[in-house]
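Asks: My questions will all concern the structure given below.
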Amino acid sequence: MEYFMLAVSVVLPLFVYMLVGVLIKHLGILGEENLKAVNRMIFNIMIPLALFFSVYRADLKSAVKPGLYVYVWVSVIVVFGLVWVFLRRCRLDGAVTATMVQGMFRSNFVLFGVTIAASLCDERGVASIAALSAIVVPTFNILTVILFETARGGKVPVRKLLIGIFMNPLVGAGVLGIAVGLLEIRLPELVAEPLEKLGEAATPLALVVLGGLLSAKSISGHRYHLAVAALAKLVVIPFVTVCLGILAGFRGNDLVAVLAVFASPTAVASTPMAQAMGGDGKLAGEIVAVTSVGCILTMFLWVFVLAGIGYIA
């Protein structure tokens, strides 16, 4: 019962926040365009603030885990490569293949990962996972651009790609937090405290918006694609990467980080990326919706099982 309640305590807030978002949209309080505008504010201002202060407040000498970061970075690249090779052999349309590859390997790590870490980790673990985003986010972006450019026969814009990485607010916040922490620069509390509180509101608000943006329209037309993408994203890939992580010796906070990266649903940003780069935008949005809802159940099971066998919390 103890492990059951732990799993419930991790997953139930996700469900409640998303349900509030569904109600907000259903009642007409905010329309889709309003929700998208709020979402842009969250991802450009509030989540970067949350990441910055998670790192800024931590003891970086003990929070940063090079071994963990190398494992996660290599695993992201290997998962991307294996999924791409597998789907190319299925002889699907190029746009559909690229969209499904993105849906399987690119996770909503920043949003769901921070929530999971806050529920299962101590302050050091939360800071470690926040700092990890400075590696994971640009890796997702680079691989996604390579994927879609290759699928449509174009050249990978290296210069534009590098500029995009450095301009990404999530990457900038993580790097800045590490720099300020290592240099032991202390911000005035009168300024830091309100900004930190603004960042703390990012996760619940982002989940509310995500719930409002979910849509079940036209899912029936892509049942096979969605079933394959959801099974791979929420079950197969987390199972392999978590098991290998356990064999590599990761436990507690470190294993939660692996779970947060690979068991989270597909990133919301994958939909506009697919639309902008010649992918199947409708399918991308449906993958986000299905994996976001399915994650409520699968994340509960992951936490319940891993806690029960003593590998986390």
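The values are calculated or read from the model by the stated rules, or taken from the named source; none is laboratory data. If you're wondering where the values come from, they're calculated on a predicted model, not measured in any experiment. Every residue, glycine among them, receives a Cβ derived from its backbone with ideal geometry; neighbour counts consider all protein chains shown.
Asks: How many residues does the range 281-313 hold that are modelled with pLDDT of 85 or more, not in a helix (DSSP H, G or I) and not β-branched (Val, Ile, Thr)?
Replies: Qualifying residue count for the region: 2.
Asks: Moving on to the next point. When you scan the range 123-130, do you find a residue that is at pLDDT 85 or above, of a type in the set (A, V, I, L, M) and either surrounded by fewer than 24 Cβ atoms within 10 Å (Cβ to Cβ) or within 12 Å of the chain's Cα centre (by Cα) (or both), even just one?
Replies: No.
Asks: Let me ask something additional. Counting only residues that are under 22 Å from the mean Cα position of the chain (by Cα) and of a type in the set (Val, Ile, Thr), which one in the range 140-176 is modelled with the lowest pLDDT?
Replies: Checked the range 140-176; the qualifying residue modelled with the lowest pLDDT is Ile165.
Asks: Scan the range 85-107 for residues that are surrounded by fewer than 24 Cβ atoms within 10 Å (Cβ to Cβ) and touching a Leu at 6+ places or on another chain (Cβ under 8 Å) and report the count.
Replies: 2
Asks: Being touching a residue at least 40 places away in the same chain (Cβ under 8 Å) and surrounded by fewer than 17 Cβ atoms within 10 Å (Cβ to Cβ) is the filter; apply it to the range 24-37 and report the residue that is nearest to Leu195 (Cα to Cα).
Replies: Residue satisfying both the conditions and the ranking: Lys36.
Asks: Across the range 1-19, what is the number of residues that are buried (at least 16 other Cβ atoms within 10 Å of the Cβ) and of a type in the set (A, V, I, L, M, F, W, C)?
Replies: Final tally of qualifying residues: 7.
Asks: Determine if the range 231-240 includes at least one residue that is at pLDDT 90 or above and farther than 18 Å from Phe80 by Cβ.
Replies: no
Asks: Identify, from the list Val72, Val55, Val79, Val101, the residue that is closer than 27 Å to Leu255 by Cβ, free of Cβ contacts under 8 Å to residues at least 60 places away in the same chain and either assigned to a helix (DSSP H, G or I) or touching a strand residue (DSSP E or B) at 6+ places or on another chain (Cβ under 9 Å) (or both).
Replies: Criteria check complete, one pass: Val101.
Results for (1) of a type in the set (Gly, Ala, Ser); (2) within 15 Å of the chain's Cα centre (by Cα); (3) closer than 23 Å to Val137 by Cβ; (4) surrounded by fewer than 17 Cβ atoms within 10 Å (Cβ to Cβ), shown as yes or no for each residue.
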{"position": "Ala227", "(1), (2), (3), (4)": "yes, no, no, yes"}
{"position": "Phe239", "(1), (2), (3), (4)": "no, no, no, yes"}
{"position": "Gly249", "(1), (2), (3), (4)": "yes, no, no, yes"}
{"position": "Asn253", "(1), (2), (3), (4)": "no, no, yes, no"}
{"position": "Pro265", "(1), (2), (3), (4)": "no, yes, yes, no"}
{"position": "Cys295", "(1), (2), (3), (4)": "no, yes, yes, no"}
